[in-house]
Amino acid sequence: MMMGRRLAMVMLVALCADSHSLFSTLSEDTHTRLKRLSWSQRNLSSIPQGLDEGLKKLDLSNNLIKNFKTISLRFLETLDVSYNHLSFIHTGAFKNLVRLHDLNLASNLLNNNIISNSQAFKDLHVLRSLDISKNNLDEEAVKQYLSRASSLDSLTATGNVVSKLTTQTFANTENLRVINLENNLISKIEEGTFNPLKKLAKLNLALNNLAVICDFKLSQVTYLNLSRNSIEFFITHENEEVYNLEVLDLSYNSLLYFPILPKHNHLKYLHLQNNRLGALGTMNSVAEAHLLYKDVTGSNHSRTENDGDGVYSDWQIMPLVHLDLSSNQFRSFPLAMFRDLKSLESLNISDNCLQNISNTNNIFSEDSQTDVHNYSLQSLRHIDLRDNDIEYLSPNLSTTFPKIEAMVLKGNRVRPCSGQLFSISDLTTDVQCISFSNVSTLKHLDLQENGIQTLLPGVFANSPLVSLNLAGNKQLTIAKNALKDLQNTLQFLSIGQNNVTDSQLGLACMRELRILNVSGNNLENLPSTTACSPLTELDVRNNSLTTLKKMMMSHLSIIYISGNTFNCCQATWLQNLKQGNVTIPDLDRTECFYHTEIIPLSALENANSLCFHEVTRSYVLLYIIILCCVFIFVSIATFCYTLSRTSRHFVDRYSIFSESSISLTNLVRD
């Protein structure tokens, strides 16, 4: 009895402990939820009452709030009142928000009651981040709101109507580190505007109306975005000051010249795409940049008198890693300028007018191997040359690009050389093909849409490609052993949209191939060599395949199959794919054919039931053929037997007649 009571007591204590633990967990979850309460998209016209005083984050965005009155949330750190109808902020609205760090007031009507609204900001002593985007604010309004926000670290004021920046704009916000004024109407920046901002590191002035940068002086800035303006030139006066600039975005402007950058900088990423660079020709552009620099600076002792390329002579000490020159007007590759970029790893010069990558002095001649070295891009790993008109490239890629790993040549007129090796004397511009063999660092090659007609054996010898894209080369013929040199390295291969037939596709046994794209061709069968590959992804769309029953699928995880002429009565492979958990994203768009009937493959639950009569008819026909054969055989055998019997009887009668004749003859003779 006592033992039973003790056991009951122990169980009761344990149950209580579990209940307490569960209650504590629920309380903590509820407490956390209350401290991150969201009232977004509730059609609120005012701030809700009775909010938890312990709230740290409050989201009131996407409501109908017009007035912001005083709230007492002394632990609140983040407040979002964006996308409301807010036009009036009471003077003491923020006086109890002593810990507020982040305030988002974007997409409201703060262009109304500017003076009274700005008074409320005087109580935000620890405010670090302020977003007043899309409030139809001009420069005076922005200046007024910032006059009371001296503690700001980050300001976002995008999508307003600011037309100019003056020395008074940031006079009271000297702690600003990040400024985003994208998508305004700024066309003028007074000299000295950013002088108070000694901590400024990131400045975004994209999508404005700036026309020129005559004297870049923001040495403290590490990130500068001036994209989508109308900038015609960017000039930095020569001085010995070290600039912290690491990222400069001048894309989508009207630049005719390369920017004249600070002599001492830390620039790593330079974006110059979508300008007019190269329109004047490289040499003319450099010469005019010299004259422009003199005109702007008014100095007789300028960078134009330096050796080399003058205003660009300091590029050799610039630690540039990425350069984007896409969508400009280059007609020739400015190799001489890029040779000084010792750290350059990625170069995008796509969508230009390039016809070759060479040097006018024929630096690839037999007796100028030293020049070849000097003009090589020693650190370049990735180059994008798509959508140009390139027919000729350096005949010795491993020398011009000694560390190249990825090369994109889509949309050119490249013709790969056959596998024979060239001697130094052959390295001239007379060779109208590009050799991709013996490039020991090359791993990724894109040769889409180049009009390539034939790939011969050895074309990629000693180049350990991991991915190869040959799509869009109409009527491409791949010789039997053309890809044999890649059978132990290639993992991705695309030969889609080529209109090739089975006989034109000579694939070697690719032992490492994981992804294969043969879509958009005229294949009636998959290459038998695919059985060698551990394929995980296969694209066979838009071919002439009737079945996939011979396909190896031990590693397959995804396959695209629509646009073929599958036979409904040979679709048992579909069940095998489903049983192997292979994903078929386009199954709903795939059809099969049963006589003249078209059936969605996804609706084909059991091909055997659909084709039962077809199979039965086939068997009946087979039986009839067999019976006919048996009947014919028996008839022939019977006929032969009868004929044999008849012949024997005739012989016997002839023998008797002969004997009788002999006997009669003997009798007469006697």
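The values are calculated or read from the model by the stated rules, or taken from the named source; none is laboratory data. Owing to the predicted nature of the structure, the values given are computational and were not obtained by experimental measurement. Here the Cβ is made from the backbone with ideal geometry for all residues, glycine too, and neighbour counts use every protein chain on show. All accessible areas refer to the heavy atoms of the entire protein, side chains included, with ligands and DNA or RNA removed. Shrake-Rupley method; radii C 1.70, N 1.55, O 1.52, S 1.80 Å.
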| message | Being open to solvent by 50 Å² or more (accessible area, probe 1.4 Å) and either of a type in the set (Gly, Ala, Ser) or at pLDDT below 95 (or both) is true for just one of Ser219, Ser230, Ser151, Ser129. Which residue is that? | response | Ser230
| field | Hits in the stretch 51-97 (condition: at pLDDT 95 or above, in contact with a Lys or Arg (Cβ under 8 Å, 6 or more places away or on another chain) and of a type in the set (Val, Ile, Thr)) | value | Thr78
| task | Would you mind telling me which numbered condition in (1) of a type in the set (A, V, I, L, M, F, W, C); (2) open to solvent by 50 Å² or more (accessible area, probe 1.4 Å); (3) not in a loop (DSSP other than H, G, I, E, B) Leu185 fails? | result | (3)
| field | Elements of type strands (runs of 3 or more DSSP E) contained in the stretch 546-606, each with 3 or more residues being open to solvent by 10 Å² or more (accessible area, probe 1.4 Å) and under 18 Å from Pro534 (Cα atoms) | value | none
| request: Could you give me the residue pairs with C-beta distances under 7 Å whose first residue belongs to the stretch 445-462 and is at negative phi, whose second residue is of a type in the set (Ser, Thr, Tyr) wherever it lies, and which are 6+ apart or on separate chains? | output: Gln453/Thr477; Thr454/Thr477; Leu456/Ser418; Val459/Ser418; Val459/Ser437; Phe460/Ser437; Ala461/Ser437
| remark: Taking the stretch 307-357 and keeping residues acidic (Asp, Glu) and under 15 Å from Val408 (Cα atoms) leaves Asp324, Glu345, Asp351
| request: Among the residues of the stretch 235-283, count how many are open to solvent by 10 Å² or more (accessible area, probe 1.4 Å), without any contact (Cβ under 8 Å) to a residue 40 or more places away in the chain and polar (S, T, N, Q). | output: 3
| field | Enumeration of residues in the stretch 155-182 that are within 36 Å of the chain's Cα centre (by Cα) and assigned to a loop (DSSP other than H, G, I, E, B) | value | Ala157, Thr158, Gly159, Asn160, Val161, Val162, Leu176, Arg177, Leu181, Glu182
| query | In the stretch 58-94, what residues are within 41 Å of the chain's Cα centre (by Cα) and either in contact (Cβ under 8 Å) with a residue 60 or more places away in the chain or exposed (fewer than 15 other Cβ atoms within 10 Å of the Cβ) (or both)? | reply | Leu64, His85
| message | Whether any residue in the stretch 189-199 is under 38 Å from the mean Cα position of the chain (by Cα) and within 14 Å of Asn229 (Cα to Cα) is what I want to check. | response | yes
| field | Test result for Leu109, over 16 Å from Thr70 (Cα atoms), within 41 Å of the chain's Cα centre (by Cα), surrounded by fewer than 18 Cβ atoms within 10 Å (Cβ to Cβ) and free of Cβ contacts under 8 Å to residues at least 60 places away in the same chain | value | yes
